[in-house]
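S.K.: Questions regarding the structure given below will be posed in turn.
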Amino acid sequence: MEKMQKKILFPRDAIKKRVEELAGRISADYKDRELIVIGILKGAFVFMADLIRAFSIPCRIDFVRVASYGAGTESSGRVVLTKDIETSIKGRDILIVEDIVDTGLTLAYLVNWLKERNPQSLKVCAFLDKRKRRKVAFEADYVGFTIDDGFVVGYGLDFNEQSRFLPEVYIIDQQQVDKK
Ligand code: IMP
């Protein structure tokens with residue numbers, strides 16, 4: 001396996017602190033309610049696991065999986081749902097949890113898809129946000145960190161399925177991204 005050149009962007013303690021802050025805000029916003037938290041596979045599973053364990057409110061969980069067809073690290077705009085939720089969300093409070101918002105295409109698609117099932121409310125929590133790369137207007141309600149352009153891995157995020165297991169977030173050398 002090729003060794004990846006990478007630099008640390010967010011160490012474990014910074015991630016832990018920020019995740020606890022987000023969980024505190026979400027718990028306060030949904031006080032006395034029961035959230036259904038929907039994670040987007042695969043990338044969001046690490047963040048979601050830490051986030052929900054820092055909640056002081058009850059929640060249920062479910063997952064969706066989407067495929068975004070495109071070359072390398074660019075999404076094409078064609079987002080396809082490959083695994084649907086298994087829970088009824090009609091009349092419920094929903095929080096979608098995503099690893100990173102990039103072009104915004106995945107979340108714009110998913111929010112529309114889930115809104116058609118008439119939840120009482122629907123908000124989005126993204127661990128990372130690359131604001132400058134949007135192709136469609138999309139704002140997450142809760143954001144861990146806003147980052148500049150650049151490809152990141154670790155804490156659930158991958159590059160060609162590598163590095164999801166790393167507990168920190170790293171930025172990888174752009175030349176390696178361009179080579180793929
Ligand atoms: P969007 O539809 O362009 O907003 O893409 C969101 C998806 O692209 C995320 O769920 C990730 O799977 C992937 N993605 C975008 N940027 C990165 C990155 O820097 N590292 C790893 N995955 C990324």
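The values are calculated or read from the model by the stated rules, or taken from the named source; none is laboratory data. Source: prediction; values computed, not measured. Here the Cβ is made from the backbone with ideal geometry for all residues, glycine too, and neighbour counts use every protein chain on show. Please note that ligands, DNA and RNA were not included when accessible areas were found on the heavy atoms of the full protein model with its side chains. Shrake-Rupley method; radii C 1.70, N 1.55, O 1.52, S 1.80 Å.
S.K.: Out of ASP99, ASP62, ASP84, I need the residue that is touching a strand residue (DSSP E or B) at 6+ places or on another chain (Cβ under 8 Å), within 16 Å of the ligand (Cβ to nearest atom) and acidic (Asp, Glu). Which one?
M.R.: Details: ASP62 fails: within 16 Å of the ligand (Cβ to nearest atom); ASP84 fails: within 16 Å of the ligand (Cβ to nearest atom).
Checking each option against the conditions leaves just ASP99.
S.K.: While we're here: Take the stretch 107-127 and flag every residue that is over 13 Å from the mean Cα position of the chain (by Cα) and part of a strand (DSSP E or B).
M.R.: Once the filter is applied, which keeps residues that are over 13 Å from the mean Cα position of the chain (by Cα) and part of a strand (DSSP E or B), the stretch 107-127 yields SER121, LEU122.
S.K.: Just the residues that are within 11 Å of the ligand (Cβ to nearest atom) and closer than 24 Å to ALA49 by Cα, please, taken from the stretch 139-159.
M.R.: ALA140, ILE147, PHE151, VAL152, VAL153, GLY154, TYR155, GLY156, LEU157, ASP158, PHE159
S.K.: Okay, moving on. Restricting attention to the stretch 128-151, does a residue exist that is crowded, with 18+ Cβ neighbours inside 10 Å, charged (D, E, K, R), in contact (Cβ under 8 Å) with a residue 12 or more places away in the chain and assigned to a strand (DSSP E or B)?
M.R.: So far as the stretch 128-151 goes, yes, one or more of its residues are crowded, with 18+ Cβ neighbours inside 10 Å, charged (D, E, K, R), in contact (Cβ under 8 Å) with a residue 12 or more places away in the chain and assigned to a strand (DSSP E or B).
S.K.: Tell me which residues, restricted to the stretch 95-120, are open to solvent by 30 Å² or more (accessible area, probe 1.4 Å) and closer than 12 Å to LEU35 by Cβ.
M.R.: Within the stretch 95-120, just GLN120 meets the criteria.
S.K.: On to the next question. Does the stretch 53-63 contain at least one residue that is farther than 28 Å from ASP178 by Cα, in contact (Cβ under 8 Å) with a residue 40 or more places away in the chain and open to solvent by less than 60 Å² (accessible area, probe 1.4 Å)? Break it down stepwise before answering.
M.R.: Restricting attention to the stretch 53-63, the residues satisfying the condition of being farther than 28 Å from ASP178 by Cα are 53-63.
Those still in the list that are in contact (Cβ under 8 Å) with a residue 40 or more places away in the chain too: none.
For the stretch 53-63, residues farther than 28 Å from ASP178 by Cα, in contact (Cβ under 8 Å) with a residue 40 or more places away in the chain and open to solvent by less than 60 Å² (accessible area, probe 1.4 Å): absent.
S.K.: On to the next question. Check ARG92 against each of (1) touching a residue at least 40 places away in the same chain (Cβ under 8 Å); (2) crowded, with 16+ Cβ neighbours inside 10 Å; (3) within 28 Å of GLY154 (Cα to Cα) and name the one condition it does not meet.
M.R.: Result: ARG92 fails condition (3) only.
S.K.: Then there is this: For ALA108, are the conditions met, namely being near the ligand (Cβ under 9 Å from one of its atoms) and of a type in the set (A, V, I, L, M)?
M.R.: Working: near the ligand (Cβ under 9 Å from one of its atoms): yes; of a type in the set (A, V, I, L, M): yes.
For ALA108, the condition - near the ligand (Cβ under 9 Å from one of its atoms) and of a type in the set (A, V, I, L, M) - is met.
S.K.: Restricting the stretch 75-89 to residues that are surrounded by 13 or more Cβ atoms within 10 Å (Cβ to Cβ) and within 26 Å of LYS132 (Cβ to Cβ), which is modelled with the lowest pLDDT?
M.R.: Selected residue: SER75.
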